[in-house]
Amino acid sequence: CVLCGRTDECPEKYGEKRTYVEYNLTVHYYCLLMSSGIWQRGGEDEGVDGFLITDIRKEVQRAAKLKCNICKKKGASIGCVTPKCKRSYHFPCGLQRECIFQFMEDFRSYCWEHRPVQEFMDKEPRGASQCTICLDLVEHLPVYTVLKSPCCKNAWFHRECLQYQALSAGIFFFRCTVCNNKDKFQKEMLRMGIYIPERDASWELEENAYQDLLHCYQHCDVKRCLCKKGRDYNEPESKWEIKRCQYCGSRGTHLACSSMKSWEQNWECMECRSIFAKSGKYSKQKKRALATSEKTNGTTCLLEEPPPKSPRQSSGSPRHFLLQSPKLMCQNLSPCSHLEQPASNRVTMSLSPVMSKRSWSLRYRHLRQQRKEAGNILKELKVQIKTKATRLNINAENIWSSALKGFRQRIFSPTNTIEVNFSNCKNRSKTNTSAASKHHFFQLLMLHLQNSSLFEGSSGKNLSLDFQAVKENLYFEAGKMIAVSLVHGGPPPGFFSKTLFNCLVYGPENVKPALEDVADADVAQTIKMIKYANNLSSLQSTLQDCCEFLTAAGCLRPVTALCDKNMLVNDILIYYVIKRITLPLESFQQGLKTLGVLEKMQMHPHVFSSLLCHKPERLSAETVYDLFTIHSSSDVNKLEGADFWMDYLQDVESGDSVVTLEDILLFVTGSCYIPCIGFDPEPTIKFLHIRYPIGNKLLNCLELPITKTYQQFKNKMELTIRNTLRVERE
């Protein structure tokens with residue numbers, strides 16, 4: 001830019017950077033608007049938005065004689081309008097020093113000493129409230145980074161949030177997010193330096209932005225779709241017409257795929273049906289499976305039986321149900337629960353009236369879709385795995401040392417198939433199933449890493465600084481283990497903080513850490529004292545007390561104004577959370593490059609954040625039911641067997657059983673979690689004339705007995721699963 005001398009392209013901060021080749025001229029839009037010695041003397045189509053090229057060159061020559069009071073370089077084209085104030089500065093320097101630029105009338109600029117401030121009443125509480133734009137806490141302090149609504153008493157905002165909102169909404173839609181006031185709100189925000197573009201909102205300018213709202217959901221979501229033309233095929237007034245869920249409207253089925261004889265029959269998706277089942281308003285109308293002898297290309301298909309015909313619900317019915325709904329299990333509602341609790345410790349919560357089923361459903365589906373996409377990407381990476389096996393001898397009592405030894409052995413290769421043998425000091429006992437032992441090994445390894453000294457923090461963890469670990473290259477090994485776990489069918493770590501994930505994906509130079517990322521209580525307290533200092537003397541006193549720490553961090557500098565604390569806090573956070581752990585981060589990144597995992601993370605950040613920053617969702621009856629493909633011989637009543645199986649899963653989920661859904665999965669596959677890349681082979685169910693259920697971990701096959709009553713089925717399931725798992729643990 002010919003005015004500020006910077007090459008940055010940051011439209012949010014400096015406006016659009018425009019280059020005019022014919023004039024050999026590049027300029028930031030805001031730098032041009034705020035320059036003190038230039039006016040729009042031309043028409044809109046002349047020069048640069050009315051600024052004549054000759055005038056711009058004269059302004060550049062004038063500014064070349066003025067030194068910036070902030071960076072001490074020439075070219076300061078902006079001056080404080082306060083009489084007798086001689087300060088000049090570049091536009092980016094002014095932003096950094098928290099000057100105010102008024103994008104209205106005469107486009108005035110005020111330096112950090114003479115800038116306008118908002119009036120704060122003495123009676124106003126000095127606590128914190130929620131910014132209604134980003135929903136994070138904002139302190140009630142008279143500082144540059146915080147703005148108060150002029151029309152609402154308790155509305156506070158981050159300056160940065162307001163600026164982004166203004167750029168998106170434009171002059172026609174930018175208003176108070178609490179009371180919707182426009183005139184008074186815009187006037188105050190312009191006075192305090194918020195730029196409001198004179199254009200329509202960004203969402204109004206997007207071409208075909210609302211096109212999706214004109215389309216109805218048309219996709220068959222049942223387990224086995226019979227339509228040869230695909231799940232998206234819809235032929236009105238035929239058996240291939242798609243019927244949508246009568247409650248949420250966001251799931252569908254072909255009439256034939258759910259054995260529906262006419263359009264008049266109502267249909268509910270599995271998600272809505274399970275909620276009704278728990279509410280008691282849909283008793284005994286659980287999901288059933290219907291066996292048909294219809295053969296499609298020689299295969300037997302599993303269909304979803306329609307619910308009994310009932311009167312069509314009004315548009316208000318689903319919401320009425322939600323408002324009256326009793327307590328629902330927490331694991332059904334939260335798609336990213338951070339707690340994996342046994343059945344005895346399950347927590348229940350009431351469904352908020354504000355939180356509709358549809359919003360939960362969309363959020364739940366979005367997270368599941370992201371994890372499904374991540375699983376597909378990891379399956380692509382799994383192609384590298386060869387049949388040649390590498391055996392790891394693991395001591396469960398010392399998981400880290402034995403895993404480290406195995407990963408560092410000369411014959412180990414991430415592209416080899418991994419086989420795990422567990423042993424302990426007393427006897428060399430080995431597990432029966434290679435896949436089961438591998439799942440258990442990776443689960444123990446991820447749990448150890450989460451609680452190791454390589455990471456710090458409570459829930460969302462960042463890398464710590466362990467010099468001994470750096471010396472022994474343990475950060476590299478940790479990254480390598482996580483990459484191998486993801487591709488070989490282990491669980492994702494699920495404990496990364498957003499800051500750590502963003503550093504890995506976008507680079508540490510593009511990440512802004514928060515106070516919550518500081519794990520050391522003493523350092524966090526020091527930063528808080530600086531951040532919340534309410535006068536210059538207390539700030540200087542605090543800096544004097546922590547002089548040694550600031551010197552080590554390279555953040556010690558003279559402080560002449562209270563507003564200097566914000567820049568100081570930001571510098572301390574960047575040092576402590578990012579710069580301090582540069583070596584561990586680089587080593588950790590190198591480890592994550594194993595098998596191409598880091599490259600995929602950087603290509604698909606939103607998808608992989610669902611794996612690395614969130615714990616896997618709790619198992620649900622629907623998840624387990626959909627996991628298995630049901631097979632049976634022709635002489636078996638598959639309808640009744642699948643009915644008992646679904647009923648049993650729902651009893652287990654609601655806590656009416658001595659086993660858990662994790663126990664069932666462990667009994668069949670040897671794993672208590674569903675791997676990101678899924679099971680190989682895919683889990684199946686067979687209904688046979690046998691006395692007790694059998695879990696074949698080699699084939700991931702569950703063989704279930706045919707019983708006359710549901711109670712007999714449940715008793716056999718619980719007796720076998722409980723005793724089998726107890727013997728295996730012993």
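For the range 61-66, backbone phi angles converted through the Karplus equation (6.51, -1.76, 1.60; θ = phi - 60°) give residue-by-residue couplings of 5, 5, 5, 5, 8, 9 Hz, Gly and Pro being listed as x. Overall, the range 17-110 carries a charge dipole of about 880 debye about its Cα centre when +1 sits on the Cβ of Lys and Arg and -1 on the Cβ of Asp and Glu, all other atoms neutral.
Given the Cα-Cα distance of Glu730 and Asp200 and 0.36 nm per residue of separation, how much length would full extension add, in nm?
183.9 nm
Each Cα pair under 8 Å and six or more residues apart adds its sequence gap; the mean of these over the residue count of the range 87-176 is a relative contact order of 17 percent.
With all protein chains kept in place, the per residue accessible area of the range 1-124 amounts to 57 square angstrom at a probe of 1.4 angstrom. Quantify, in whole percent, the carbon and sulfur part of the accessible surface of the range 17-110 (1.4 Å probe; protein heavy atoms only). Of the solvent-accessible surface of the range 17-110, carbon and sulfur hold 49 percent. Given their separation in residues at 0.36 nm each and the Cα-Cα distance between them, Gln96 and Leu135 gain 11.6 nm when the chain is fully extended.
Shape of the range 621-729 from its Cα gyration tensor (a ≥ b ≥ c, root eigenvalues): rounded if a/c is under 1.5, otherwise prolate when a/b > b/c, or oblate? It is rounded, given that a/c, with a ≥ b ≥ c, falls under 1.5. The residues of the range 624-730 expose, per residue, 44 Å² of accessible area to a 1.4 Å probe.
Of the solvent-accessible surface of the range 621-729, computed with a 1.4 Å probe and all protein chains present, 52% belongs to carbon and sulfur. Note: relative contact order over the range 128-204, using C-alpha pairs below 8 Å and six or more positions apart, is 28 percent. Measuring r between the beta carbons of Asn393 and Leu515 and using R0 = 51 Å, the FRET efficiency lands at 0.70. Residue separation of Cys10 and Asn180 scaled by 0.36 nm, minus their Cα-Cα distance, works out to 58.3 nm of gained length. Sorted largest first by accessible area at a 1.4 angstrom probe radius, with every protein chain in place, the residues Tyr673, Tyr23, Tyr575 fall in the order Tyr23, Tyr575, Tyr673.
Proximity of backbone amide H atoms, modeled 1.01 Å from N, is registered between Phe455 and Ser464 at under 5 Å, excluding neighbours fewer than 5 places apart on the same chain.
Rounded to the nearest whole Hz, the Karplus-based 3J(HN,Hα) values (6.51 cos²θ - 1.76 cosθ + 1.60, θ = phi - 60°) of the range 232-249 follow the sequence 8, 6, 9, 10, x, 6, 9, 6, 9, 6, 8, 9, 8, 4, 6, 9, 9, x, with x at glycine and proline.
Restricting to Cα pairs below 8 Å that are 6+ residues apart, what does the relative contact order work out to for the range 452-616? Please round to a whole percent. 39 percent.
In a DSSP loop and with at most 14 other Cβ atoms within 10 Å, the trypsin sites (Lys or Arg not before Pro) in the range 640-713 are Arg691, Lys708.
For the range 128-204, the solvent-accessible area works out to 49 Å² per residue, with a probe of 1.4 Å and every protein chain left in place.
Expressed as a whole percent, the accessible area of the range 452-616 that falls on carbon and sulfur atoms is 53 (1.4 Å probe).
Decide, for the range 63-208, between rounded, prolate and oblate: order the square roots of the alpha carbon gyration tensor eigenvalues as a ≥ b ≥ c, take rounded if a/c falls under 1.5, and otherwise choose prolate if a/b is larger than b/c, else oblate. The shape class here is oblate.
The values are calculated or read from the model by the stated rules, or taken from the named source; none is laboratory data. Treat the numbers as computed from the prediction; the structure is a model and nothing was measured. Backbone-built Cβ (ideal geometry, glycine too); neighbour counts: all protein chains shown. The protein model used for the area step is the full one, side chains on, heavy atoms only, and it has no ligands, DNA or RNA in it. Shrake-Rupley method; radii C 1.70, N 1.55, O 1.52, S 1.80 Å.
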